[in-house]
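Derivation of every value follows stated rules applied to the coordinates shown; laboratory data play no part. Remember, it's a predicted structure, so these values are computed and weren't measured experimentally. Positions of Cβ are backbone-derived with ideal geometry, glycine not excepted, and every protein chain shown enters the neighbour counts.
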Amino acid sequence: MENCLFCKIINKEAPAALVYEDNKLAAFKDINPKAEVHILIIPKKHIVSIAQATEEDREMIGDLFLAAQKIARAQNLKGYKLVINVGREAGQMVDHLHLHLLGGELTGTP
């Protein structure tokens with residue numbers, strides 16, 4: 001998507017503090033963290049939200065959660081929270097599917 005911030009991050013057209021990347025996903029530190037550790041995990045395929053995901057996206061959605069597990073281990077998190085906001089009414093600010101990984105002390109609501 002041309003004006004999507006997360007697509008620009010994936011394409012290295014916008015800066016981000018990457019903590020994980022593979023051929024399907026990227027993960028980076030949230031610029032407005034709501035926890036001691038706040039990482040966004042995004043698919044490289046542009047999907048507006050989980051509400052627009054299709055059967056074709058099933059494997060990628062599973063990959064999001066497995067990447068969260070790997071990243072949490074790499075961050076030495078004993079416990080963590082995973083959140084997906086769907087739509088503006090739920091707090092989704094960027095129209096690109098993303099999974100919030102929050103660990104440590106929470107400082108706000110994602």
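Quick notes on this structure:
- Across region 5-106, Cα pairs under 8 Å and at least six residues apart give a relative contact order of 33 percent.
- In sequence order, calculated HN-Hα J values of region 60-76 (Karplus, 6.51, -1.76, 1.60; Hz; x Gly/Pro): 4, 5, x, 4, 4, 6, 5, 5, 4, 4, 4, 5, 4, 5, 5, 8, 6
- Hz values of 3J(HN,Hα) by residue in region 81-97 - Karplus curve (6.51, -1.76, 1.60), Gly and Pro given as x: 10, 10, 9, 10, 8, 10, x, 4, 4, 9, x, 6, 9, 10, 7, 8, 3
- Neighbour-count ranking [beta-carbon atoms within 10 angstrom, fewest first] of I42, I9: I9, I42
- Amide H to amide H distances under 5 Å link Y20 with A27, where only residues 5 or more positions off or on other chains count and H is placed in the peptide plane.
- Listing Y20, Y80 from fewest to most neighbouring C-beta atoms within 10 Å gives Y20, Y80.
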